[in-house]
Amino acid sequence: MSTNPEILVYPTVEEAQAATASQIAALLAQRSRALVVLSGGSAPPGVFHQLCQAPLRNLVPWHALSILWADERLVPFHDRENNYFQTRQTLLDHVPIPSEQVFPVATYYPVEEAARVYQNQVEALLERHGGQIDLALLGMGPDGHTASLFPGFPQLEASPETLVAPVTDAPKPPPTRVTLTAHALNRARRVIFLVAGADKAPMVRQVLQGAYDPQRLPAQLVRPPAGRVTWMLDAAAARELA
Ligand code: 6PG
C-alpha cells in the first residue's frame with residue numbers, strides 16, 4: 001500500500017469535521033466488528049456531533065465497535081481534561097456502543113501500571129481483531145506530536161513489542177499520560193489525521209512535505225505498512241502547503 005498520504009483540504013474546520021465524520025461512517029458501515037482508536041483534543045467533538053445524528057448515525061453499526069484511545073491524560077474519569085470523559089460526553093453517551101466494548105485507560109493507577117494494563121488490553125483486542133486496528137482518528141499539535149508522542153521523547157524509540165508507553169513530563173498539560181506507540185498506531189488499516197488552525201500550518205508543511213525526521217516530527221512515524229493515511233485539513237492548517 002502507498003505510503004503517500006492523501007491530503008484533503010476544506011474551507012473551514014466545521015467542514016473538515018463533517019467530511020471526517022462522513023468518511024468514518026462510510027468506513028464503518030456494514031462492518032460486523034471494528035477496532036477504533038479515538039483521540040482527545042479540540043477537533044474530534046465536532047466529528048462526533050455529526051456521527052451522533054442522522055443520517056450518519058444510522059450508517060454506523062455501533063454495537064460492532066470496540067473503542068480504544070490513542071492517548072490519555074492521567075486525570076480522573078470525571079475530569080474535563082480526561083479524553084475518555086470528553087468522548088463520553090460528545091459520543092459514547094449518545095450512541096449504543098456496549099460499555100464492555102469501551103476501553104478507557106485506567107487513570108486511577110500510577111502511570112507505569114496504567115500503561116501496563118493498557119498494553120494488555122490493546123494486545124488482547126488486537127488478537128481478537130486479526131492484529132489490526134480498523135480506524136485511528138488522530139490529531140497533531142503545533143509541535144508535531146500526535147497521540148502523546150512528543151518530539152525528542154523516548155517513547156518515539158519504543159521497542160516493537162511496546163504498544164503502550166507511559167509519559168511523565170509531557171510539554172502539553174497535563175504532563176502525565178499514557179500513549180499508544182507508533183508500533184500500535186501502525187497496525188491501523190486506516191488513519192485519519194484531523195488538523196485545523198493556522199498555528200498548525202508550519203508543522204503540517206514540515207510533516208507532509210519536509211524531510212523525514214521523526215524525532216523532531218513524531219507524526220511522521222505514523223506510516224502503517226498495510227494502511228491508508230488521510231489528512232483532513234482546514235484551509236488555515238493547509239495554507240503553507242506547496
Ligand atoms: C491529547 C491528544 C493529542 C491531540 C493533539 C491535537 O490528549 O492531548 O490526544 O494528541 O490530538 O494535541 O490537539 P488539539 O486539536 O487540541 O490541538
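Rule-based calculations on the coordinates, nothing more; no lab input. Remember, predicted model here, so these are calculated numbers, not experimental data. As a convention, Cβ positions derive from the backbone with ideal geometry for all residues, glycine included, and neighbour counts pool all protein chains shown.
If you find the alpha carbon centre of region 110-169 and of region 194-242, how far apart are they in angstrom?
Here the two parts' Cα centres lie 19 Å apart.
Could you derive backbone 3J(HN,Hα) for region 228-242 from the dihedral phi with the Karplus parameters 6.51, -1.76 and 1.60 (θ = phi - 60°), listing whole Hz in sequence and x where the residue is Gly or Pro?
10, 10, 10, 9, 9, 10, 8, 4, 5, 5, 8, 5, 9, 6, 6
Scan around Val95 for amide H atoms under 5 Å from its own, H built in the peptide plane at 1.01 Å from N, and keep only partners 5 or more places away or cross-chain.
Under 5 Å from the amide H of Val95: no residue qualifies.
Using amide H atoms built 1.01 Å from N in the peptide plane, name the residues 5+ places from Leu138, or on other chains, whose amide H lies under 5 Å from its own.
Sorted by chain and number, the residues that satisfy this are Ile192, Phe193, Leu194.
Quick one: Cα convex hull volume of the chain, Å³ per residue?
Details: hull volume 27.2 nm³, N = 242.
With only Cα atoms used, the chain gives 112 Å³ per residue.
Among Asn82, Ala219, Pro174, pick out the residue whose Cα is farthest towards the positive end of the charge dipole of region 6-238, where Lys and Arg carry +1 and Asp and Glu carry -1 on C-beta, about the Cα centre.
Positive-most Cα among the choices belongs to Ala219.
Kirkwood Rh over Cα pairs of region 96-207 into Stokes-Einstein at 25 °C, 0.890 mPa s: D in µm²/s? Numbers along the way, then the final one.
Details: Rh = 15.1 Å.
Taking Rh from Cα pairs, D becomes 163 µm²/s.
Ordered by residue, what ³J(HN,Hα) values in Hz, to whole numbers, does region 25-41 give under the Karplus form 6.51 cos²θ - 1.76 cosθ + 1.60, where θ = phi - 60° and Gly and Pro are x?
Rounded to whole hertz, the list is 4, 5, 5, 8, 3, 6, 6, 8, 6, 8, 9, 10, 10, 10, 10, x, x.
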